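The values are calculated or read from the model by the stated rules, or taken from the named source; none is laboratory data. Source: prediction; values computed, not measured. Cβ atoms come from the backbone with ideal geometry, glycine included; neighbour counts cover every protein chain shown.
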Amino acid sequence: MMNKRQVQRYFQMSGLTLRADACEGVLNVLKREDNPKEALGELIDSLKSQMLDDTGIVTQQLLAQVVSQLSHDSQDIMSESIQLLTSFELPRLHYDVMRKEFSLLKPETILGSPQDKIEMFIQRLALLEQRLMRQEVFRPQLVSTNEIAATVTLTPVESLLGRGGVRTLLGMLTQVSYLTRPLVETGVFN
């Protein structure tokens, strides 16, 4: 069993100053340990690594923080690593094309609205177009070479009207039938 004077001496030999309230905390921690000298050495090493300032003064708050980190066992680590997420609270990712960044949206309900379904198809079409534009066939050449490489240019739906010839279109042309609404392009290709 270590006393207050021995604990103070260990801290002074390692270059740390121990406050009186922190000394009582160290003694309480060492009472529970089987090998107090080894535990004190681990505690001092952890305190040195956690100290942000160069004063070397160990406070009760710093000591409590280090002891809680050292006392983590496998059960604590497992409970911290498992998270329970509900679909009511899980935010959705939304990509803003204008800002070119993702944002988090808090869902009001689990079930989506009809507008959500339209947005899903618009985003899916935008992702397909981005993937296609990364392919060599669709990528325009930046430097002109003597070789004539076959590149394909995607044509938006609104520019098909009044033009002849062969055009490449990303999407689907449908004929409007009774009780259905046509899907109007939203300018994804602009």
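Quick rundown of the values:
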| item | result |
| --- | --- |
| Residue match in the stretch 93-101 (condition: assigned to a helix (DSSP H, G or I) and at negative phi) | no |
| Any pair with Cβ under 7 angstrom, 6 or more apart, that starts in the stretch 15-37 at a residue that is under 17 Å from Met51 (Cα atoms) and ends at one that is of a type in the set (Asp, Glu) and part of a helix (DSSP H, G or I) | none |
| Filter result (in a helix (DSSP H, G or I) and either more than 16 Å from Leu170 (Cα to Cα) or among the aliphatic types (A, V, I, L, M) (or both)) within the stretch 116-140 | Asp116, Lys117, Ile118, Glu119, Met120, Ile122, Leu125, Ala126, Leu127, Leu128, Leu132, Met133 |
| Within the stretch 1-23, considering residues that are of a type outside the set (Val, Ile, Thr) and not in a helix (DSSP H, G or I), the one surrounded by the most Cβ atoms within 10 Å (Cβ to Cβ) | Leu18 |
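Table: residues versus (1) part of a loop (DSSP other than H, G, I, E, B); (2) small (Gly, Ala, Ser); (3) at pLDDT below 85.
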| position | (1), (2), (3) |
| --- | --- |
| Gly41 | no, yes, no |
| Asp45 | no, no, no |
| Thr55 | yes, no, yes |
| Gln69 | no, no, yes |
